[in-house]
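J.: Pasting a structure here, questions to come.
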Amino acid sequence: MEKSRILIIGGTGHIGKHIVTASVRLGHPTVVLTRDSAPSDPAKAQLIKSFADSGAALIKVPVIISIRYVLLCTIFSFPVC
């Protein structure tokens, strides 16, 4: 049976980190959309690194760009993105 592709927004949050771990462990192709705040928060940088090491794909968005904007561009493939 084909595994579902999973997009997780907020993967570095309290609940999100558990969802990322479970999704990868169950073999789902997992993508984590996250702000690129690693330089300012070493704990989140380590968590993001652990996601990548476990096989999750990462989409890092600069902090100044709205996550909602990137999500809309990703889902609907807007040509202006």
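J.: Which of the lysines could a cross-linker span from LYS49 if the Cα-Cα distance has to be under 19 Å and same-chain partners fewer than 8 positions apart are dropped?
T.: Output for LYS49: LYS17, LYS60.
J.: Can you pull the one-decimal nm distance between simple spin-label points at MET1 and LEU72, each 7 Å off the Cα toward Cβ?
T.: 3.6 nm
J.: Let me ask another. What length, rounded to one decimal in nm, is gained on full extension from LEU58 through to ALA43, with 0.36 nm per residue of separation minus their alpha-carbon distance?
T.: In short, 3.7 nm is gained.
J.: GLY10's amide H: which non-local residues (gap 5+, or another chain) put their own amide H closer than 5 Å, with H modeled 1.01 Å from N in plane and none for Pro or chain starts?
T.: Sorted by chain and number, the residues that satisfy this are LEU33.
J.: How charged is the neighbourhood of LEU47? Take every other residue with its Cβ under 14 Å from the Cβ of LEU47, and add Lys/Arg as +1 and Asp/Glu as -1.
T.: Charge balance near LEU47 sits at +2.
The numbers here are math on the coordinates, done by the rules we state, and not lab data. All values reported here derive from a predicted model rather than from experimental measurement. Every residue, glycine among them, receives a Cβ derived from its backbone with ideal geometry; neighbour counts consider all protein chains shown.
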